[in-house]
1. Do you know which residues across segment B:89-104 are open to solvent by less than 20 Å² (accessible area, probe 1.4 Å) and free of Cβ contacts under 8 Å to residues at least 12 places away in the same chain?
2. Go through segment B:219-243 and report how many residues are open to solvent by less than 30 Å² (accessible area, probe 1.4 Å), within 11 Å of chain A (Cβ to nearest Cβ) and under 9 Å from the mean Cα position of the chain (by Cα).
3. Identify all residues within segment A:131-147 that are open to solvent by 40 Å² or more (accessible area, probe 1.4 Å), at the interface with chain B (Cβ under 8 Å from one of its Cβ atoms) and within 17 Å of A:H94 (Cβ to Cβ); write none if there are none.
4. Looking only at residues that are within 34 Å of the chain's Cα centre (by Cα) and within 16 Å of B:Y270 (Cα to Cα) in segment A:66-78, which one is nearest to the other protein chains (Cβ to nearest Cβ)?
5. Any chance you could count how many residues in segment B:140-191 are within 19 Å of B:T237 (Cβ to Cβ), touching an Asp or Glu at 6+ places or on another chain (Cβ under 9 Å) and assigned to a helix (DSSP H, G or I)?
6. Quick check on segment B:16-30: of everything there that is within 14 Å of another protein chain (Cβ to nearest Cβ) and surrounded by 15 or more Cβ atoms within 10 Å (Cβ to Cβ), which residue is modelled with the highest pLDDT?
7. Inside segment A:6-27, can you point out the residues that are open to solvent by less than 100 Å² (accessible area, probe 1.4 Å), over 23 Å from B:L242 (Cβ atoms) and either modelled with pLDDT of 80 or more or within 11 Å of another protein chain (Cβ to nearest Cβ) (or both)?
8. Which one is nearest to B:H35 (Cα to Cα), of the residues in segment B:105-122 that are more than 14 Å from chain A (Cβ to nearest Cβ) and surrounded by 17 or more Cβ atoms within 10 Å (Cβ to Cβ)?
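The values are calculated or read from the model by the stated rules, or taken from the named source; none is laboratory data. Given the structure is predicted, the values throughout are model-derived calculations rather than measurements. All Cβ positions, even for glycine, are placed from backbone atoms using ideal geometry, and neighbour counts span all protein chains on display. Quick note on the areas: whole protein, heavy atoms, side chains included, nothing else; ligands and nucleic acids left out. Shrake-Rupley method; radii C 1.70, N 1.55, O 1.52, S 1.80 Å.
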Amino acid sequence: MAESDKKRKGFFGDVRLPVSKEYVYPAKQTFLFWVGGIGVLFLAAFFLIDVTIKEGVLVSNGPLSSAHASFGANCATCHTPLENVSNDKCMVCHEKFGGDQGIYSFATHYLYRSTDFTRLTPSTNEVSCATCHSEHEGREAVLDAVPSAMCISCHEYGSFNDQHPEFEAIGSGVPDPANITFSHTRHVNEIISKVGETDLEKTCLYCHQSDPVGAGFEPISFDVSCASCHLTASSSTDWLPTGGNGVQTLATLRAQRGPGTGWVDYMSPGDFQERSGRVRKRPVYHRDPWILENLKRLQGIMYPDNELASLLRASADVAPEDADILYEEALATLTAYADELRGIPDRSVQRSLSEIDDLMAEIKKRIRDPLSPLDETKFLLGSASVDPDIDEVTLSQYKELIDGLTLTCQKCHSVDNASIGRVSKDQSTFVRAEFNHRSHIIQSGCLDCHSKIPIREFAARDSVAAVKIDHAGIQNLPSIQLCQSCHTPKKAANTCITCHQFHPDKSQHSNLLRYLN
Amino acid sequence: MNKWVQSPPWLLGFLVLCALAVAAFIVNMTMEPIHPGSTWGIAYGIGALAAFGVVLLHSLRRRTLRFQKLGRSWMYLQIHVYGGALFLLLVFMHSGFSVPTGVHTWWLWFLSIWVVGSGLLGIVIQKWIPTVLTSGLRVEIHYDRAGELIKAIRQRCEKLIAKSDPRLKGFYTDHVAPSLGGTNPRLTYFFDITGGIHTRIKPFGHVRPHLSGADKTTLDAVQELFTSKLEIDAHCTLQRALRGWLVLHIPVSIVMTALLGVHLFSVMYY
């Protein structure tokens, strides 16, 4: 063995490489931590510069949407240190009216979508705006494009194509008490034969007139759609007895000057013909105030307990924009009642007074806000039974009088219990969703969807459809399956917000706020 | 024991946790969209933070080896590996499996992938390289002794060549000596641990017929030494990777930890 080899601990391998004389420790890798530390220092420096001088790009979770981009580096516009983004911050801009429960609250959502006014109490489930409207997702992000899953977290529908309920108007199966006699097939055939319209789809537009945007239709107006044929100058009441158990003449009403009879000054005496103690009104107008006033009086006589309900329902076919007049009238009547009762110390009278005050509050609320649905059943102070003091002969005379008075009205309207059935049907069938006709009419004709009334089958024929399949009470809407055939994940949009809005229309902002405050 | 799975129970536990997490995510996803600010998004973020904290215990344990009561270091390594993978899964769930749009959140997301990815690379390297080294090479050396051993080989070669024929000296000077200056890592060793060596010793066969009997013996001895040197090069090449992957892992994980602090600050404060 060589001398040098003796100093070694041994050899290894085929070429006898020397074994180390001492333990060899692996080289330390402390430099890795130094490199990391330098990286941290750079990061810390960048962070400090960023939050103090620059725009806080580093700490931001992403660029703000275009709508909020102007806030830039001013994080405090939306953020409160150590707290979530509060609704208060959103409301600074979005709730100009102030208050802590406005149009963007859940309470308003419940109210707006359910039309259930018992849900006016602010929700205990109130969540922050940021829960649904997620910011810091880039300039192009659309904040109101709320994913359907957000809605589904409360509403137990899989999606529009899965478990979505049928449209309420279809699903409920309850016929609409339209209170009007109307045949679509008859009117379409009238337009075809008298106007010469050859395009069946266009016949719809003679009455259903598009709103300026084209999304929906204006409410059917008698003056626009019906007056050209109905209530011509020859229309009249029957010859009616006057005085006592008869009708009140224009002269009598002028002398009485009762509440809500300001129209008497403008009605022409020439519209009345008198003959041996009887009067006939000719022509008859739509919502003829003389007829309605006399009908109201007869109601008061025949159904004294019905009182305000009669008052409200007597003004049949009132247009929404004219509804205030009706309720102002009811309020005036109630106020007059109440004023008479206030001085009477009887306990039962005072209890009645309390009821009247409640009703007045109800009406005042309705006048303030047309959105408020007035439950007319509240105004049924008693039963709709005939006054037991009226004998059969007199009752028969009254009924005959009512029939004569509403002779022309009954061609279209139903008259029951001395009141003209109120035509409540209008064009807004969807309560909880929006439908844009303009988007759809390019692809389908009116009758492709609205096919429950057999207009195509009876078009240009001498006969009209039977009443049971063609009356105004039929909700001529397609079922949801028709919508679902196009609105699928692979075709047209089928998200919740395609049809539904969470927040109410801004035009209703002030009205809703008034309630919620 | 399987080379890739040291402990099936740990792997099973990890897979069960992953399955539970993914199942929870799928269920939540049907209820509401998952994004970092949603209730479940925050919950996943907290889960990821907890997993990250547990993962860091391995680093602490390596510095407290003297305290045996703290348990086996091997267990902490398992936590480090499986916890790290679970951390990345929870990060993805926290972000709703979408790419963050914020600057620091994007970097945090990217560095999380980088750190866990480099860690997984480290595992693969540590499982694969030792097997390759022991399967194809005759010599096994300590990485930090490579220079010393090459120097010894060079000295022995020079001693052998000193008494040899000029032709052998010329061959040594031209073809062997340049390789004995130090370690020569070559990428080819990653693909074939022995192929490069066989090619490089072929010139020894070309020169052998031209040498006398004594020089042939010297040439054989030099060839043996040269082969060992090339094997040392192979060792160095692969062992460098065995150690070097930490450069990709540790500094970046330190920066990521700091960035996580920035993220927590921005979330808590704002």
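1. Across segment B:89-104, the qualifying residue is only B:G102.
2. 1
3. Passing the criteria: only A:T131.
4. Only one residue fits best here, namely A:C78.
5. 5
6. So the first thing to find is which residues in segment B:16-30 are within 14 Å of another protein chain (Cβ to nearest Cβ), and the list is B:25-30.
Right, trim to surrounded by 15 or more Cβ atoms within 10 Å (Cβ to Cβ) and you get B:25, B:28-29.
Details: B:F25: 93, B:N28: 86, B:M29: 83.
Ranking the candidates gives B:F25 first.
7. Within segment A:6-27, A:R8, A:F11, A:V15, A:P18 qualify.
8. B:S112
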